[in-house]
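Undergrad: I'd like to ask some things about the structure below.
The values are calculated or read from the model by the stated rules, or taken from the named source; none is laboratory data. Nothing here was measured: the structure is a model prediction, and the numbers come from that model. Note that we place each Cβ from the backbone using ideal geometry, even for glycine, and neighbour counts take in every protein chain shown. The area values use the complete protein model at the heavy-atom level, side chains included, leaving out ligands, DNA and RNA. Shrake-Rupley method; radii C 1.70, N 1.55, O 1.52, S 1.80 Å.
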Amino acid sequence: MKIFIKIIFLTIIIFFYQCNKAKKEKENSVKVEKKKTNKKDALEKEIIKPWDSLNSENTEAFLTEYGKQNPETNVLIKTKFGNIKLRLYEDVPVHRANFIFLTKIKYFNTTVIYRVAKNFVIQGGNSDNMYTQKQRRKYGNYLMQPEFKNNRKHAYGALAAARDWKKNPNKLSSPFEFYMVHDRNGAHHLDNQHTVFGEVVSGFDTMDKISKVDVGVDEWPVKDIKMTIEIIK
């Protein structure tokens, strides 16, 4: 009888020990749940990637989000002839964000004013520098959808995006190359052909000086006009 009681007592002890052990294991564990994803989550995940993830597939989503985080609208072009202050339009959000993006990664600082079309436009954002070409390849030579606005015309001092006229029926803008209208009568034949996304605020005298340089048959200045672009408050 005593042996039977001892067996029952021992069984009870073992039972409570096992229960207590299981309870402690549960307390010390962490439940891992798989998070459900949807298309919106996937888009947000794409947007928060490093900024050098910009490519031809995510251009609009990338620049839209970048624009929200980088609202600047004033930039300064510096050249040996003087400075040109630009104001970027908020109602042309993708083009504005793109120009701010390229300014902040200092892409433009490797480029030159490569076209001076007398009494027409002054164009910049490219060069024959290998580093410039490497930067363009890095971002996949992406293009931007036009952002035509009825109130944004090619007036004197307008800032607009260059584009390829061949095999480009949708009038997609080049992200890298821009021009400023130097014709005092404007260049209105380009309205709704190129996206106007800003304007010259000051530095028209600098534009006048640049317009007088010697150029080759391709309107590329004989002597390179180097430039840097920076954000100003």
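Undergrad: Check GLY186 against each of (1) of a type in the set (Gly, Ala, Ser); (2) closer than 18 Å to ASP208 by Cα; (3) in a strand (DSSP E or B) and name the one condition it does not meet.
TA: Against the list (1) of a type in the set (Gly, Ala, Ser); (2) closer than 18 Å to ASP208 by Cα; (3) in a strand (DSSP E or B), GLY186 comes up short only on (3).
Undergrad: Just the residues that are polar (S, T, N, Q) and either surrounded by 14 or more Cβ atoms within 10 Å (Cβ to Cβ) or under 23 Å from the mean Cα position of the chain (by Cα) (or both), please, taken from segment 178-233.
TA: ASN192, GLN193, THR195, SER202, THR206, SER211, THR228
Undergrad: Can I ask one more? Which of (1) modelled with pLDDT under 90; (2) outside any helix (DSSP H, G or I); (3) within 17 Å of the chain's Cα centre (by Cα) is the odd one out, the single condition PRO146 does not satisfy?
TA: For PRO146, the failing item is (1).
Undergrad: May I pose another question? Using the structure shown, decide if VAL200 is part of a loop (DSSP other than H, G, I, E, B) and touching a residue at least 12 places away in the same chain (Cβ under 8 Å).
TA: When the stated conditions are applied, VAL200 does not pass them.
Undergrad: Related question: Working only within segment 151-166, note down all residues that are aromatic (Phe, Trp, Tyr) and either touching a strand residue (DSSP E or B) at 6+ places or on another chain (Cβ under 6 Å) or within 13 Å of ALA187 (Cα to Cα) (or both).
TA: TYR156
Undergrad: Moving to a separate point now. Does ALA42 satisfy the criteria of being modelled with pLDDT under 95 and open to solvent by less than 80 Å² (accessible area, probe 1.4 Å)?
TA: yes
Undergrad: Looking at (1) in contact (Cβ under 8 Å) with a residue 40 or more places away in the chain; (2) under 13 Å from the mean Cα position of the chain (by Cα); (3) more than 18 Å from VAL200 (Cβ to Cβ), can you tell me which one ARG96 breaks?
TA: Result: ARG96 fails condition (3) only.
Undergrad: Looking at (1) among the polar types (S, T, N, Q); (2) without any contact (Cβ under 8 Å) to a residue 12 or more places away in the chain; (3) open to solvent by less than 50 Å² (accessible area, probe 1.4 Å), which one does GLN133 not meet, given that it meets all the others?
TA: (3)
Undergrad: Would you mention how many residues in segment 162-176 are under 23 Å from TRP220 (Cα atoms) and surrounded by fewer than 17 Cβ atoms within 10 Å (Cβ to Cβ)?
TA: Count: 3.
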